[in-house]
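Okay, structure first, notes after.
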Amino acid sequence: MIDEKILDLAEAVLTACRTAGLKVATAESCTGGLIAAALTAIAGSSDVVDRGFVTYSNAAKTEMLGVPADLIAGAGAVSEAVARRMAEGAQAHSAADLAVAVTGIAGPDGGSAEKPVGLVWFALARRGGRTATLHHVFPGDRGAVRRATVAQALRLLRAAV
């Protein structure tokens, strides 16, 4: 799952964060910890990576990150609002300067007309700054959606430094 392209992106994130003196946290749903795994596959990553939250269930999003259950019920787990609260929760529950969050529908099932398979919401929280959000609908099977999500999350982290 962690190919050379992703490892190169992870190395770039670590180098940039190390130079800037920044710590990182991840909050992951559809990727199940793959963003943190990519970052920690690089030796020496412990000086940048503070922690990763795998919050696959709605209960985990609420319990570990403080995402309100009523927000999840109203907006849905795969939504801009939930991604934002996941990133902000990861930052609040860590020593991270930057926190990236992802929530999406990797498939092959679970999509709808409003939220198709491949839809992923991203959020990037910066300590003392605004939380940025964006979404993509990635093509391909479950593995392709997850790989594309990890790559995009790493690009967001790199651009934030």
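No value in this document is a laboratory result; all are computed from the given coordinates. Fair warning: this is a prediction, and the values are worked out from it, not measured in the lab. All Cβ positions, glycine included, derive from the backbone under ideal geometry; neighbour counts span all protein chains shown.
From least to most packed, judged by other beta carbons within 10 angstrom and beginning with the fewest, Ile72, Ile2, Ile105 follow the order Ile2, Ile72, Ile105. Per-residue ellipticity at 222 nm, computed for the chain from helices alone with -39500 (n - 2.57) per DSSP H run of at least four residues, works out to -13500 deg cm²/dmol. Rounded to the nearest 20, the Cβ-based charge dipole of the chain about its Cα centre (Lys and Arg +1, Asp and Glu -1) stands at 300 debye. Segment Glu80..Ala92, full-extension length gain: 2.5 nm, with 0.36 nm per residue of separation and the alpha-carbon distance subtracted. In segment 1-146, with Lys and Arg counted as +1 and Asp and Glu as -1 at Cβ, which of these residues, Ala59, Ile6, Ile35, has the Cα nearest the positive end of the dipole, that is, farthest along it? Of the options given, the answer is Ala59. In loop segments of segment 108-161 as defined by DSSP, the trypsin sites (Lys or Arg not before Pro) with at most 11 further C-beta atoms inside 10 Å of their C-beta are Arg130. Computed log10 I(q)/I(0) for segment 62-120 at 0.16 Å⁻¹: -0.52, from the Debye equation with unit scatterers placed on every C-alpha and solvent omitted. All other residues with a Cβ under 13 Å from the Cβ of Ser57 taken together, and with Lys, Arg as +1 and Asp, Glu as -1, what is their net charge? With Lys, Arg at +1 and Asp, Glu at -1, the neighbours total -1.
What the phi angles of segment 138-146 give under the Karplus curve with 6.51, -1.76 and 1.60, with θ = phi - 60°, is a coupling list of 8, x, x, 7, 3, x, 5, 5, 5 Hz, glycine and proline written as x.
Relative contact order for segment 4-160: 24 percent, from Cα pairs under 8 Å spaced at least 6 residues apart, divided by residue count. The string of couplings for segment 31-39 from the Karplus curve (6.51, -1.76, 1.60, θ = phi - 60°) is 8, x, x, 5, 5, 4, 5, 5, 5 Hz, one whole number per residue in order, with x for Gly and Pro.
Computed from phi, the 3J(HN,Hα) profile of segment 52-68 under the Karplus parametrisation 6.51, -1.76, 1.60 (θ = phi - 60°) reads x, 10, 9, 10, 5, 8, 5, 4, 5, 4, 6, 5, 8, 10, x, 6, x Hz, with x in place of Gly and Pro.
Taking Leu119, Leu98, Leu134 in turn, the Gaussian network model of the chain (Cα-Cα springs below 10 Å) assigns the largest fluctuation to Leu134.
Distant-in-sequence amide contacts of Val67, defined by a placed amide H-H separation under 5 Å and a gap of 5 or more residues or a different chain, comprise Thr62.
If you look at the Cα atoms of the chain, you get an Rg and a Dmax of 14.4, 44 Å.
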